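Comments concern the structure below.
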Amino acid sequence: MTTNNLMTIELREEERQRCEIWTRVMGYHRPLTSFNPGKQSEHAERRHFIESSANS
């Protein structure tokens, strides 16, 4: 028999830190925060997709 002892970890606001998101643009990786407003908007509109095999 297996028991799951899951603990909930709660952080106070002062213990938290922002997660910096990096993405690949123009052939190299950059942090999203360094993008100009137009590029940030373009990033927000991106769609994830799964490309099918060429043999299909």
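Figures for the structure shown
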quantity	calculated
Arg46 assigned to a strand (DSSP E or B) and among the basic types (Lys, Arg)	no
Every pair of residues 6+ apart whose Cβ atoms lie under 9 Å, when the first sits in the stretch 34-48 and is without any contact (Cβ under 8 Å) to a residue 60 or more places away in the chain while the second is of a type in the set (A, V, I, L, M, F, W, C) and part of a helix (DSSP H, G or I)	Lys39/Leu32; Gln40/Leu32; His43/Leu32
Within the stretch 20-40, tally of residues that are in a helix (DSSP H, G or I) and either out of contact with any helix residue (DSSP H, G or I) (no Cβ under 9 Å at 6 or more places or on another chain) or surrounded by fewer than 11 Cβ atoms within 10 Å (Cβ to Cβ) (or both)	4
Filtered residue count, the stretch 41-56, keeping only those that are of a type in the set (A, V, I, L, M, F, W, C) and surrounded by 10 or more Cβ atoms within 10 Å (Cβ to Cβ)	0
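Any read-out appearing in this document is the output of simple, stated calculations on the displayed coordinates, not a laboratory observation. What you see is a predicted model, and the numbers here were worked out from it, not measured in a lab. Here Cβ is always computed from backbone atoms with ideal geometry, including for glycine, and neighbour counts include all displayed protein chains.
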